[in-house]
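Down below is the structure, laid out as structure tokens.
The values are calculated or read from the model by the stated rules, or taken from the named source; none is laboratory data. Treat the numbers as computed from the prediction; the structure is a model and nothing was measured. Note that we place each Cβ from the backbone using ideal geometry, even for glycine, and neighbour counts take in every protein chain shown. Surface areas here come from the heavy atoms of the whole protein model, side chains and all, with no ligands, DNA or RNA. Shrake-Rupley method; radii C 1.70, N 1.55, O 1.52, S 1.80 Å.
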Amino acid sequence: MNIVIICAFAVVSAIICKSVGNDRSIALVLTLAASAVIFMKVAGSMGGLIAQMRSLFYAQGGTDPEYIRILLKGLGICYITSFASGICRDSGESTLAEQTVLAGKTALLLIILPMLETLIGIVRTLLM
């Protein structure tokens, strides 16, 4: 994944969307298409990243594989929420974008509850 190419593509796409003018529906379709292209480029490198994260967790020894699943789910929630709220903002729906962010934060909190319970248990044993 070459971040310079992705950023250049994003900037060129944004310039094209701004040059469309007053037709917001065409600009929104162009934004969605450019976002999909960028997502596909990034998704191609995610396999290696996930493999490296797994080896990092297993190398530490004694790490529960459930934590990797929680971490990846949380990361996915963050990316999807950011993507959806950005599209809502581009469409002029800032209230809907904020509600999407709120839903993402709530979903993230629900996902990390098992890790939070474990952390609280560790802190309790250290304090006693």
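Key figures for this structure:
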{"quantity": "Matching residues, the range 1-24, being outside any helix (DSSP H, G or I) and either touching a residue at least 12 places away in the same chain (Cβ under 8 Å) or among the charged types (D, E, K, R) (or both)", "calculated": "Met1, Asp23"}
{"quantity": "Residue list for the range 106-126, filter: among the hydroxyl-bearing types (Ser, Thr, Tyr) and surrounded by 11 or more Cβ atoms within 10 Å (Cβ to Cβ)", "calculated": "Thr106, Thr118"}
{"quantity": "Candidate set from the range 7-23 (those that are open to solvent by 70 Å² or more (accessible area, probe 1.4 Å) and over 22 Å from Phe39 (Cα atoms)); member that is farthest from the chain's Cα centre (by Cα)", "calculated": "Asn22"}
{"quantity": "Complete set of residues in the range 65-93 that are without any contact (Cβ under 8 Å) to a residue 40 or more places away in the chain and open to solvent by 50 Å² or more (accessible area, probe 1.4 Å)", "calculated": "Pro65, Arg69, Leu71, Lys73, Leu75, Cys78, Tyr79, Ile80, Ser82, Arg89, Glu93"}
{"quantity": "Boolean, Ala103 is small (Gly, Ala, Ser), open to solvent by less than 70 Å² (accessible area, probe 1.4 Å) and farther than 30 Å from Val11 by Cα", "calculated": "no"}
{"quantity": "Cβ pairs under 7 Å, 6+ apart, first in the range 31-55 and on the phi < 0 side of the Ramachandran plot and open to solvent by less than 50 Å² (accessible area, probe 1.4 Å), second among the small types (Gly, Ala, Ser) and assigned to a helix (DSSP H, G or I)", "calculated": "Ala34/Ala10; Ala34/Ser13; Ile38/Ala10"}
{"quantity": "Odd one out for Ala27, checked against (1) aliphatic (A, V, I, L, M); (2) touching a helix residue (DSSP H, G or I) at 6+ places or on another chain (Cβ under 6 Å); (3) at pLDDT 85 or above", "calculated": "(3)"}
